[in-house]
Each structure stands twice: as C-alpha cells, then as structure tokens.
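Asks: Below is one structure. I have some questions about it.
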Amino acid sequence: MEFFNSLFYFIIVLGILVFVHELGHFLAARLTKMRAEIFSIGMGKRLIGWNRITGFSTGDLPKDWDGGDHTDYRLSLLPIGGYVKITGMVDESMDNDEMHSEPKNYEFRSKNALQKAFVLSAGVLMNLLLAILIFSWLTYSKGETKLKTTEIAYVAKNSLASEIGFQNNDIVVAIDNKKVNNWTEVIDGIVISNLGKDKNIIVNRNGSQISLKLKNNKVLDVLSNNESLGISPKGNVVVLSDIYSLEPAGEAGLMSNDTVISANGNNIVSVKQFIDIISNSKKNPVELLIARETGDTVLTVTPSDKGKIGAGLFEISKGKFEVVSFGIGESITIGFDKTIQYIDLIITSIGQIFKGNIAFENAVGGPIMIAKQSAESAERGFESFLVFIAALSLSLALLNILPIPALDGGHLIIVLIEAIYRKELPLKVKMAIQNIGMLLLLTLMVIIVIFDVLR
C-alpha cells in the first residue's frame with residue numbers, strides 16, 4: 001500500500017512540474033511565431049489527445065498527419081515526463097531532408113538567437129515562477145505563524161544540535177550578531193541564512209552568555225541526509241496516533257490523541273526524545289503519564305524486543321504564537337525572497353558536493369527518493385506538499401539550465417556558439433551532442449537509482 005501511495009504522489013508531482021515546464025516552452029514558441037506540433041504529458045505511445053483538426057481521438061495519429069499551425073495536445077503512455085515538439089528544433093525524430101531544406105519562417109531554426117534562447121529558457125522561467133507563486137500564495141493565504149519562544153526544551157542525543165553544544169533549556173539570543181525573537185528566526189538563522197558559512201550562536205545558559213560555533217558544512221550534511229537539527233522548542237507536546245490493538249500500545253490501553261506528559265519521570269517535549277526512551281527500553285516496562293479529555297492517567301507499556309510500541313507519533317505546540325498577515329505586494333516580495341533562499345541552498349549544496357564536503361550519494365535523489373518524499377510531504381498536509389513541489393520545481397529549473405547536452409542549458413550553449421560564429425552547426429554534430437548528452441543523463445540516472453535502492 002505504501003508503494004502505491006508513493007507512486008500516486010510521485011505521478012501527481014511529476015505531472016505538475018512537467019506540465020508547467022513544458023507550458024513555458026510552448027507559450028514562448030507561440031509568442032515567437034514557432035509551430036508547436038505536439039504538447040505531451042508523458043512519454044511514448046499516444047493514449048488520447050485533442051487537436052482542432054481531428055478533435056478528440058485515441059491511439060496514434062496517422063503517420064502522414066500534418067496539423068499545420070495546430071497543436072496536438074496528448075496524454076502519453078509513460079508518466080515519466082513530457083515534451084513539446086517544436087518544428088525545426090533538433091531531436092531524434094529529425095531527418096537530413098528536413099534540416100537541409102530552407103528553414104520556413106515558423107521553424108525554430110529560422111529564428112534569431114534571442115528568440116531561440118527565450119524559447120529554450122522559458123521552461124526554467126516557468127519553474128521559477130511556479131515556486132514564487134506557491135510561496136507568495138501560502139504567505140498571503142496563511143500569513144506567517146511564529147512560535148514566540150527561542151528556548152530549547154530538548155536536545156536530541158547524537159544530533160547536530162548536540163554536536164554544536166546546545167543543552168536543554170538554552171535560550172538562543174543571537175545568531176551572527178543578529179538578535180532572534182521567535183523559533184522561526186532560530187531555525188532560519190541556523191539552516192538558511194548565510195548558508196555555507198561558519199556561524200556564531202549566542203545562548204543564555206543559566207544566566208550566562210555562551211558562544212557556540214557551527215561549521216559551514218555541518219548543516220548541509222544534515223539537510224543532505226534528510227535529518228533534523230535535533231532541537232525542540234519549549235511548549236511542544238507529543239501526541240499518539242494510529243494505535244494498533246495487537247501491539248504493545250494497544251495492549252497497554254493507549255489511545256489515539258493521547259498526549260504523553262512524561263515517560264519514566266522524564267517530561268516529554270519531543271518525538272525524538274520519546275523514541276529514544278522507548279527504543280532503549282526493549283522488553284522493559286515504561287511508565288507513562290497520559291493526558292486525555294477525561295483527565296490524566298498513568299499507564300505502563302512494554303516495548304517489543306525491537307524497541308517499538310506500535311503507535312504513530314507527532315508533535316504539536318502548546319506555546320504562544322504570533323500570526324502575521326501580509327498584503328498581496330508583501331506576499332509576492334516574501335515569495336520571491338524565499339525562492340532566492342531555496343536557490344541559494346541548492347547552489348551551495350552543489351558547491352559542497354564538488355568540494356567533497358557532502359557525499360554525492362547522500363545529496364542526490366532519484367525517482368524512488370522523490371516518490372517517498374512526495375508521499376511524506378502530502379501526509380504532513382497540503383501546505384507541506386506545496387512547499388515540496390516548489391522546492392522540487394527549483395531543483396528542476398537549476399538542473400535544466402546546466403550546460404549539459406540534451407538539457408535546456410546545453411541547447412543554449414549551442415545557440416550561443418552559433419550566434420558567435422554566425423553559422424549553424426551541422427546536423428550530425430548537433431545529433432552527436434544530443435546523443436552524448438542523453439547517454440550521460442541515462443548513466444547518471446542509473447547511478448542515482450542505485451543509490452536510491454541502497455538507501
């Protein structure tokens with residue numbers, strides 16, 4: 001069931017991103033008076049489609065079909081991508097006769113360098129625009145909810161926070177000489193601001209000011225491994241869900257929506273803290289103080305020999321929140337700023353990979369990892385799902401603009417070379433570059449999928 005759930009959300013996410021990307025190419029082609037013969041969601045055999053000449057139809061169109069200025073909008077068999085076929089643009093379907101004939105005014109190859117560059121980069125621009133729109137809409141519709149505390153209730157063992165030197169009950173005062181006033185500023189200051197640079201964090205510990213140092217690559221290590229910093233704010237509580245009746249939690253009388261106040265006398269403020277206590281108590285009883293609508297109760301649960309009790313866990317905050325609302329203009333500005341922050345994060349991470357500070361196999365994710373994270377983000381809620389789509393859209397944009405043959409960036413390099421020398425490259429050269437690029441991409445994808453499976 002988990003496999004089909006992940007596959008479903010993977011297809012949804014990929015479909016949205018591919019549609020937006022290819023829509024950019026399509027609209028740019030139309031604006032520059034180029035013919036777009038096919039707009040396909042999916043690859044391979046045509047399943048169903050529509051055009052102004054034949055209307056709706058299933059299966060392949062006749063081989064001699066010529067839509068003229070009309071586009072065939074289609075859904076194809078394999079839900080692994082999509083494409084726009086622009087007349088006169090080099091791809092594997094072109095032949096020598098087509099390329100050696102005089103270019104017609106509606107063909108890609110008849111246009112000037114700026115028009116070609118616009119069409120090639122339009123997909124990337126649409127991916128950027130999608131991210132800005134998502135961040136802007138979330139800001140406008142939801143505002144920004146900020147937990148009004150900078151106090152750390154719990155530091156997970158063997159976490160980055162523990163390595164930095166954070167301790168329970170530390171109050172974060174400033175990061176890089178900038179005062180922090182809420183939990184959002186604490187996390188942003190540690191994770192996003194000045195990414196890739198060493199950071200100085202000031203905390204108040206028992207009335208004394210303590211300086212903590214964070215090395216530049218530590219946060220990137222955590223992000224690339226999809227881990228958390230290991231800190232929980234004051235005011236968080238742990239709530240149980242999905243109790244399995246035949247597992248220890250069900251046998252102990254625990255119920256969904258129970259709030260865990262303490263375990264073996266330890267106040268519980270973090271899922272990680274609770275998991276640590278349970279996993280270290282295999283076959284040993286753990287006394288839990290539970291809060292319910294009917295009142296507090298004490299129950300004893302004995303974890304299995306694997307250190308599990310058979311219950312879902314999530315954190316909610318009982319602290320004080322400040323909700324800040326924004327107008328349309330402010331929301332767009334914030335959406336743009338968040339997009340820049342994510343781009344900076346991605347570019348910095350790529351730089352750290354080449355420097356050897358982040359392992360390549362930990363930093364990249366293929367279809368398996370994307371499917372898994374798509375489902376996880378959807379389970380966390382619609383807002384989380386949209387943020388995941390925005391982040392992935394930016395990753396797709398930056399990937400496509402890289403100067404690699406077969407990608408948009410590779411095509412842009414060819415356009416630049418032809419503009420400099422004022423001469424079109426021979427078809428054989430272009431096709432060779434295209435094929436080499438496809439081979440490189442397929443090889444890279446195989447390697448990434450192997451890493452996905454090993455993970």
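Asks: Calculated from DSSP H runs of 4 or more alone, at -39500 (n - 2.57) each and per residue, what is the 222 nm mean residue ellipticity of the chain, nearest 500?
Replies: Theoretical 222 nm ellipticity from helices: -15000 deg cm²/dmol.
Asks: Any number yet on Rg/Rh for the chain, C-alpha, Kirkwood?
Replies: The Rg/Rh ratio comes out at 1.05.
Asks: Can you tell me how much longer the chain between N206 and N105 gets when fully stretched, taken as 0.36 nm per residue apart minus their C-alpha distance, in nm with one decimal? Please report the intermediate quantities before stating the final value.
Replies: Details: separation 101, 0.36 × 101 = 36.36 nm, distance 7.55 nm.
Taking N206 through N105 to full extension adds about 28.8 nm, to one decimal.
Asks: Still on this structure, I have one more. I need the phi-derived Karplus couplings for segment 310-316: 6.51 cos²θ - 1.76 cosθ + 1.60, θ = phi - 60°, integer Hz, Gly and Pro marked x.
Replies: For segment 310-316, the Karplus-derived couplings read x, 8, x, 9, 8, 9, 10 Hz, x marking Gly and Pro.
Asks: Okay, moving on. Taking neighbour Cβ counts within 10 Å as the exposure measure, how do R46, R292, R74 sort from fewest upward? Walk me through the numbers before you get to the answer.
Replies: Working: R46 18, R292 11, R74 21.
In order of increasing Cβ crowding within 10 Å: R292, R46, R74.
Asks: Sort R205, R35, R52 by Cβ crowding within 10 Å, fewest neighbours at the top. Don't skip to the answer; put the middle values down first.
Replies: On the way: R205 15, R35 20, R52 12.
With the fewest neighbours first, R205, R35, R52 line up as R52, R205, R35.
Asks: Just to confirm the number: angle between the C-alpha axis of helix 427-454 and the first principal axis of the chain, 0 to 90 degrees, nearest 10?
Replies: 20 degrees
Asks: Does anyone have the angle between helix 382-400 and the longest principal axis of the chain? Alpha-carbon axes, 0 to 90°, nearest 10?
Replies: Here the helix axis deviates by roughly 40 degrees.
Asks: Can you work out ³J(HN,Hα) from phi for every residue in segment 231-248, in order, using Karplus 6.51 cos²θ - 1.76 cosθ + 1.60 and θ = phi - 60°, giving whole Hz and x for Gly and Pro?
Replies: My calculation for segment 231-248 gives 10, 10, x, 5, x, 7, 10, 9, 10, 8, 8, 6, 6, 9, 4, 8, 9, x Hz in order.
Asks: Right, another one. Express in nm, to one decimal, how much length is gained between N177 and D242 on full extension, taking 0.36 nm for each residue of separation and deducting their alpha carbon distance.
Replies: Additional length available on full extension: 19.0 nm.
Asks: Using 0.36 nm per residue of separation minus the Cα-Cα distance, give me the extension gain between R380 and V323 in nm, one decimal.
Replies: Here the answer is 18.5 nm.
Asks: If Lys and Arg each add +1 and Asp and Glu each add -1, what is the summed charge of the other residues whose beta carbon sits under 14 Å from the beta carbon of K178?
Replies: Working: positive: K179, K197, K199; negative: D176, E185, D188.
It works out to a net charge of 0.
Asks: Right, another one. Mind listing the long-range amide H neighbours of I38? Cut-off is under 5 Å, sequence gap 5 or more, other chains count too, H placed in the peptide plane at 1.01 Å from N.
Replies: Distant-sequence amide H within range of I38: D72, K85.
Asks: Neighbouring Cβ atoms within 10 Å as the yardstick, rank S245, S141 fewest first.
Replies: S245, S141
Asks: Apply 1/(1 + (r/R0)^6) to the Cβ-Cβ distance of I340 and I413, taking R0 = 25 Å, and write down the FRET efficiency to the nearest 0.05.
Replies: For R0 = 25 Å, the calculated efficiency reads 0.50.
Asks: Okay, moving on. To the nearest Å, what is the center-to-center distance of segment 247-314 and segment 144-217, using C-alpha atoms only?
Replies: 29 Å
Asks: Could you go through segment 8-13 in sequence order and give the Karplus-derived ³J(HN,Hα) for each residue, using 6.51 cos²θ - 1.76 cosθ + 1.60 with θ = phi - 60°, rounded to whole Hz, and x for Gly and Pro?
Replies: Per-residue couplings from phi come out as 4, 5, 4, 5, 4, 5 Hz.
Asks: A further question follows. Given H placed 1.01 Å from N in the peptide plane, which residues other than close sequence neighbours of N236 have an amide H under 5 Å from its amide H?
Replies: K318
Asks: Does anyone have the angle between helix 328-355 and the longest principal axis of the chain? Alpha-carbon axes, 0 to 90°, nearest 10?
Replies: 90 degrees
Computed from the coordinates by the stated procedures, all read-outs in this text should not be read as laboratory data. Given the structure is predicted, the values throughout are model-derived calculations rather than measurements. Positions of Cβ are backbone-derived with ideal geometry, glycine not excepted, and every protein chain shown enters the neighbour counts.
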